[in-house]
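Rule-based calculations on the coordinates, nothing more; no lab input. Since this is a predicted model, take the numbers as computed values, not measurements. Positions of Cβ are generated from backbone atoms using ideal geometry, with glycine treated the same way; all protein chains shown enter the neighbour counts.
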Amino acid sequence: MSESEPSLPPDSPTPEELKKAMKAFKKRLKLARLDDESTLGHGPLTGGKSSSIVAVMPPNQYRKAIWDELVARGRLKYAGQGLYQLADS
């Protein structure tokens, strides 16, 4: 590491890990919303309905420390019971 880079604690997530985790979270949220919108009764001829899903459980292949760091940075909000939502939602 160069002197200009701040030293990170050994167990803290790297910026690359945070970026990948955020991308995986957004994909999971998008798929959950699409799944909700594609149920019967929400067809194109019935007027449709937008999804009311705002929070999902984050992908479990990432450590809890990563999700806590994303909350601390203001990218996500903890919605309770293990669910997170986008901070701008």
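As a proxy for reagent exposure, TYR62, TYR78, TYR84 were ordered by neighbouring Cβ count within 10 angstrom, fewest first; the result is TYR78, TYR62, TYR84.
Ordered by the count of other Cβ atoms within 10 Å of each Cβ, fewest first, MET57, MET22 give MET57, MET22. The 3J(HN,Hα) values that the Karplus relation (6.51, -1.76, 1.60; θ = phi - 60°) gives for segment 63-73 are, in residue order, 5, 4, 4, 5, 5, 5, 5, 5, 5, 4, 7 Hz. Gly and Pro appear as x.
Backbone geometry of segment 24-38 corresponds, through the Karplus equation with coefficients 6.51, -1.76 and 1.60 at θ = phi - 60°, to 3J(HN,Hα) couplings of 5, 5, 4, 5, 5, 5, 4, 5, 5, 5, 4, 4, 5, 6, 8 Hz, x marking Gly and Pro.
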